[in-house]
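Read through the structure below, which is laid out as structure tokens, and then see the notes.
None of the figures in this text is laboratory data; all of them are computed from the coordinates on show. Note that the coordinates shown come from a computational prediction; the quantities given were computed from them, not determined experimentally. Cβ sites come from the backbone with ideal geometry, for glycine too, and all protein chains shown count toward neighbours.
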Amino acid sequence: MPGRLQYKSALITGAGSGIGLEAAILFAQEGAYVLLVDVNLAAAQAAADLINAKIEGKRALATRADVGKEADVKAAVDLAVKKFGRLDVMFNNAGIMHPQDDNALNTEEKIWDLTMQINLKGVWWGCKYAILAMRKNPTDEAKGLHTGGSIINTASFVAIMGAATPQLAYTASKGAVLAMTRELAMVHAREGIRVNSICPGPLKTPLLMDFLNTAEKKERRLVHLPMGRFGEAVEVARGALFLASDESSYMTGTDFKVDGGLTSAY
Ligand code: NAD
């Protein structure tokens, strides 16, 4: 049976760890060629090696890019097109969270700027260069390939609701990702380019565990989780696979929540 991303090419940022790593594995298992992009090249390369060892077809490549630098993002998209001939899926997933409470009164401008640079401008540049590449994707009816593609931007549940453990710059950056995603979805819908956000709930990945770095902080967050547990990165990656594939062909502009029910909770 053909995979859900058979013949397609995908670029994933933040692919050295967490959601990005799990998505790279799933996308490759479903037949995609994947470019794993991370500021940590060793992590991205290890992930690509793992995929190539486990899954047939030498489907994974790794490259270093800092998504907070426009030239790096452009170079990564160019590399995907050069190596795979097209770009069908762009998963703008890399993000950072300052590992300390960061509220309106104590946040530092340099933290605010760095967070926006990576979490917001990085996603903008990822969308920009993906759109330019997707417009040029050749159509191949026999393989089910078309001009256009699917862009997925990782936001967060904090883009929808206020977190009691403040991360002001992070929250603002993720809210802006949702707004930008909706607008891009409208502007590019008729070009066959779908743009969706994915909103993970709290996950057991280094990003959150470094922030909730005491048992007490973890317990405080767990109280609010309807399922009483943190999510696994692969549970979000499965949502990203759905948005990447043609199974979500009538979805664009959504904020797809994979949050264990958190945003419905009171
Ligand atoms: P993670 O820490 O496991 O992985 C993040 C990866 O991004 C790392 O490999 C890191 O090296 C890479 N990265 C960081 N800065 C980068 C940059 N400038 N350029 C390229 N790569 C960079 O984190 P994760 O939990 O998998 O987070 C992935 C995304 O999910 C982030 O956007 C995060 O904000 C979002 N998110 C996470 C949670 C959570 O609870 N973990 C919740 C909601 C949203």
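Data overview
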read-out: Scaled radius of gyration (Cα, divided by 2.2 N^0.38 Å) that the chain gives; value: 0.96
read-out: Radius of gyration and maximum dimension Dmax of region 171-215, Cα, Å; value: 15.1, 49
read-out: Longest site-free stretch - the chain; sites: GluC sites (Glu not before Pro), DSSP loop, at most 12 other Cβ within 10 Å; value: 109-266
read-out: Charge-dipole axis of the chain as Lys and Arg at +1 and Asp and Glu at -1 on Cβ define it, positive-most pick from A237, M134, T263; value: M134
read-out: Shape of region 35-136, Cα gyration tensor, a/c cut at 1.5; value: oblate
read-out: Residues with amide H under 5 Å from that of D102, placed H, sequence gap 5 or more; value: Q167, L168
read-out: 12 Å beta-carbon shell around Q45, net charge (K/R +1, D/E -1); value: -1
read-out: Sequence-distant residues sharing a close amide H with V258 (under 5 Å, placed H); value: C199, G201
read-out: Dipole moment magnitude, nearest 20 debye, the chain about Cα centre, only Lys, Arg, Asp, Glu C-beta charged; value: 480
read-out: Sparsely packed trypsin sites (Lys or Arg not before Pro) within region 17-92, loop by DSSP, other Cβ within 10 Å at most 15; value: K58
read-out: Cut-off under 5 Å, modelled amide H: who pairs with G231 long-range; value: L203, K204
read-out: J(HN,Hα) series, region 122-136, from Karplus relation 6.51 cos²θ - 1.76 cosθ + 1.60, nearest Hz, glycine and proline x; value: x, 6, 4, 5, x, 5, 4, 6, 5, 4, 4, 6, 5, 4, 9
read-out: Rounded to 5, the percent of DSSP beta bridges in the chain classed as antiparallel; value: 5
read-out: Residues S248, S173 arranged by fewest to most Cβ contacts within 10 Å; value: S248, S173
read-out: Neighbourhood net charge (14 Å Cβ-Cβ; Lys/Arg +1, Asp/Glu -1) for G85; value: +4
read-out: Around T254: net Lys/Arg minus Asp/Glu count, Cβ-Cβ under 13 Å; value: +2
read-out: ³J(HN,Hα) computed for each position of region 240-254 - Karplus, 6.51 cos²θ - 1.76 cosθ + 1.60, integer Hz, glycine/proline x; value: 5, 4, 4, 5, 6, 8, 6, 4, 9, 4, 9, 10, 8, x, 7
read-out: Principal axes of region 48-206: Cα extent on each, largest first, Å; value: 57, 39, 28
read-out: Karplus-derived HN-Hα couplings along region 146-163 (A = 6.51, B = -1.76, C = 1.60, θ = phi - 60°), whole Hz, x at Gly and Pro; value: 9, 5, x, x, 10, 10, 10, 10, 7, 9, 5, 4, 6, 6, 10, 9, x, 8
read-out: Percent antiparallel among DSSP beta bridges (both partners in region 124-266, rounded to 5); value: 10
